[in-house]
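The next block holds one structure in the form of C-alpha cells; read it before the comments.
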Amino acid sequence: MVVLTLDQIGARLGKKTVLSNISAGPFRGGDVIAVVGPNAAGKSTLFKRICGLVNGQGHVDYQYHDTSPGSSHDGMCYVPQNTMVSVALSVYEAVLLAKKQGGDWHVSQQDMETVDQTLNLLGILDLSNRPVGELSGGQMQLVSIAQALVRDPRVLLLDEPTSALDLSRSHQILALMRSLAKKHDMLIMMALHDLNDVLRYADHTLVIANGALVAGGATQDVITEALLHDVYQVRARLEPCSAGQTRVIVDGALNEYV
Amino acid sequence: MKLRHIKNQELIGGQHYRHVVRRRLFLLAGLGTALFVSICFDLSLGPASIPLVDVVRALFLPGTVTDQVSVVVRDIRLPVAAMAVVVGAALAIAGAQMQTILNNPLASPFTLGISAAAGFGASLVLAFGITVLPVAAAIMVPVNAFIMAMLAALVIHMLSMRRGANTQTIVLLGIAMVFSFNALLALVQFLASSEGLAAVVFWTMGSLTKATWPKFFVVSAILVIVLPVFIRRAWAMTAMRMGDDKAASFGIRVGRLRLETMLLVSLLAAIPVSFVGTIGFVGLVGPHIARLMIGEDQRFFLPASALAGALLLSASSVASKTLISGAILPIGIVTSLVGIPFFVSLVLTNSKKLW
C-alpha cells in the first residue's frame, strides 16, 4: 500500500523561490489527485520536488512496501510536460527503453508482451512502428504515458497529460487513469487545466498559485465560485447540469482586454 | 476462392520488433563485410599492387605467399589499414555519444572544437617542445593533445550545464572553440621554425602513414576501456535522446552521465587525433549513417556507428591511394572531400525526419 504525505515542502530554482510550504495528504493508493492553478503557478516544480528531481525544504513522506519482485525503481513515475523529440526510435522502442531502464541488454519475451499490452491499453498499438519524430503532440503524449505505465508505477505523476489530446482521447485517458488507480491501488496525481475534468475525475484537488497551496481537499469542497474568482480571476458559476453533475460555467475574465 | 490479405497485413508491436532486430543484425553483418572488403583493398593497393587473393592468403595463410608479399601486407600495410579501422571507429563512437548526450545532430569532436584543441596541444609539442605534463618524449604529443581536448570538452560541458543553455548555444560555443583553437594553432605556426612548421602542417592534414603497431594498440586499448562503459549504459544513453526531463524521470542522473560521457568521449577523440592528426567528418558522418540505417537504440547504434566510422576511414584510405596515382594524399583531406558530398546527399534524402 502506498501512502504519500507532503510535509511543508518547498523548492527553489536558482535564487527564486518557486514553491513554499506545501503540506497535503496523506494520500493513499487508489486516490486520484488533481493539481490545478494558473500558468507558472509551480505545478511542474511540485511534481519534480515530489519525485526528487528538485531539492528543497520540507519532507516528502513516501511509504511503499514493494511486494512485486524485480522492480527496478522506487515505484514513483513522473511524466514531464509534453515535449517533442526527433530521435530515430519507433514508438515501440521508446516504450521498450522505458521498460528496460536499469535492466540488461536482453529483451525477453515478457518484456515485449508488457510493451504490447501497455500500447494496447492506451490504444496506440497501431502506432508502434512509427518513428516518434513523426508523431503529433497528442500521440506523443500517449507515448509518454505509456513510457510511465510500462514501468508498473505505484505513484504516477502526470504533468498536464491531456493538454494536446482531443476531446475523446482526453476523456479516454482520464477515465483510464481513474480506473487504473482504483483497480491497481495506484496513486495518481495529475496537473489539469479543465476544471470540469477535475470535478469529474479527481477525488482530491490541490490548488497552487504563486508557489503556495491556496486550497486543498475533496474536489467538491475545493472548487468554488470564490476560488474561481480569486485564483483564476474569472466570473464563473458552479451549476448542476441536467445529468445532475456540478459544472463550471465561465462567463468571462475579471479583467478583460476589450 | 478465398482472398488472402497476409501481404497487406502489417505486423505490429512485438512481432514487428522481432523483424526489426533481425534486420539490424543483418545490416551490422553487412557493414562488417563491407569493412573487411575495404581492408583487403586497402592492403592490396600501394606502390606495388598485390592481387586481392594474395592479400587474403597473406592474412590467413601466411605460408602460401612469398616472403615479400607477406612483409608488404602484414608488416608495412596492415598497421596502416588497422589504424584506419580503430581510428574511424573511435571517432565515430565519440561523435555518436556527443550527439546523444548533447541531443544535437551537429555535435562531433570536429564541430565542437575538440579536434582543434587536440591539434593545438599537439602543435605546442611539435613546434616548441612545450608540454603540459612532464612526460616521456615519445608520448608528449598524445598527452598534450589529450589534455587540451579534455579542457575543451570540460568547457563545453560546463557551459552546457548553465541554466538557459540549449543545444543551439552549445553548437555556437563549439564553433567559437573551433575558431579559438584554430587561431591559436595559426599563432603557433606563425612563431614556429620552418622545421616545426612543416611538422605541424603535416600533422594537421591528418595522415595514417606513420601508423605503427604500438599506436594501434594504444587506440585499441582506449576502445577496450571505453566501450564496455557505454555498452553497460546502452538503455540510459538511448533515453538521453528523449530529452533531459524524460531521462531524469526514468531515474537517470543526467548531469553525471553527461559529464562522464564527455570525459570518455574526449579520450576517444583526442588519442586518435594525437596519433594521426586532424581527421574531420568521420565523427559527424559515421553516426548519421548508423542512425539512418539502424536507428538509435544504442545496442545497435553504437556498433553500427563504430563500423560505419571504420568503413569510412578505411575507404578513405583506399581513395587516398587511388585518387592520384603514385601519391598518397593525406587522409584528412580525403575524408573531407569524399565525406562532405556523401553527407549532404544523406541529409537531403533524409525522409524520416530524424533531426
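Things to note:
- Pair list, Cβ < 6 Å and 6+ apart or interchain, from region B:12-25 residues that are without any contact (Cβ under 8 Å) to a residue 40 or more places away in the chain and within 8 Å of chain A (Cβ to nearest Cβ) to residues that are part of a helix (DSSP H, G or I) and open to solvent by 20 Å² or more (accessible area, probe 1.4 Å): B:12/A:125; B:13/A:116; B:13/A:125; B:14/A:116
- Within the span defined as region B:232-248, one or more residues are over 19 Å from the mean Cα position of the chain (by Cα), in a loop (DSSP other than H, G, I, E, B) and free of Cβ contacts under 8 Å to residues at least 24 places away in the same chain.
- When A:54, A:95, A:85, A:35 are checked against the criterion of being open to solvent by less than 40 Å² (accessible area, probe 1.4 Å), more than 14 Å from every other protein chain (Cβ to nearest Cβ) and either outside any loop (DSSP other than H, G, I, E, B) or not basic (Lys, Arg) (or both), A:35 stands alone in meeting it.
- Residue match in region A:152-162 (condition: within 14 Å of another protein chain (Cβ to nearest Cβ), among the acidic types (Asp, Glu) and at positive phi): yes
- Residue selection: residue A:133 satisfies the criterion of being part of a helix (DSSP H, G or I) and modelled with pLDDT under 90.
- Of the residues making up region B:224-254, those that are β-branched (Val, Ile, Thr), within 12 Å of another protein chain (Cβ to nearest Cβ) and surrounded by fewer than 16 Cβ atoms within 10 Å (Cβ to Cβ) number 1.
- Test set (1) at negative phi; (2) under 20 Å from the mean Cα position of the chain (by Cα) - residue B:158 fails condition number: (2)
- The set of residues in region B:192-221 that are crowded, with 19+ Cβ neighbours inside 10 Å and part of a helix (DSSP H, G or I) comprises B:200, B:203, B:204, B:215, B:216, B:219.
- Matching residues in region A:147-171 - criterion: being under 19 Å from residue A:30 (Cα atoms) and of a type in the set (A, V, I, L, M): A:148, A:149, A:150, A:155, A:156, A:157, A:158
- Number of residues in region A:191-224 that are assigned to a helix (DSSP H, G or I) and exposed (fewer than 15 other Cβ atoms within 10 Å of the Cβ) equals 2.
- Restricting attention to region A:141-150, the residues being more than 10 Å from chain B (Cβ to nearest Cβ) and assigned to a helix (DSSP H, G or I) number 5.
The values are calculated or read from the model by the stated rules, or taken from the named source; none is laboratory data. What you are looking at is a predicted structure, and each value in this text was computed from that prediction instead of being measured. Every residue, glycine among them, receives a Cβ derived from its backbone with ideal geometry; neighbour counts consider all protein chains shown. Each accessible area value is taken on the protein alone, full model and side chains, heavy atoms only, with ligands, DNA and RNA left out. Shrake-Rupley method; radii C 1.70, N 1.55, O 1.52, S 1.80 Å.
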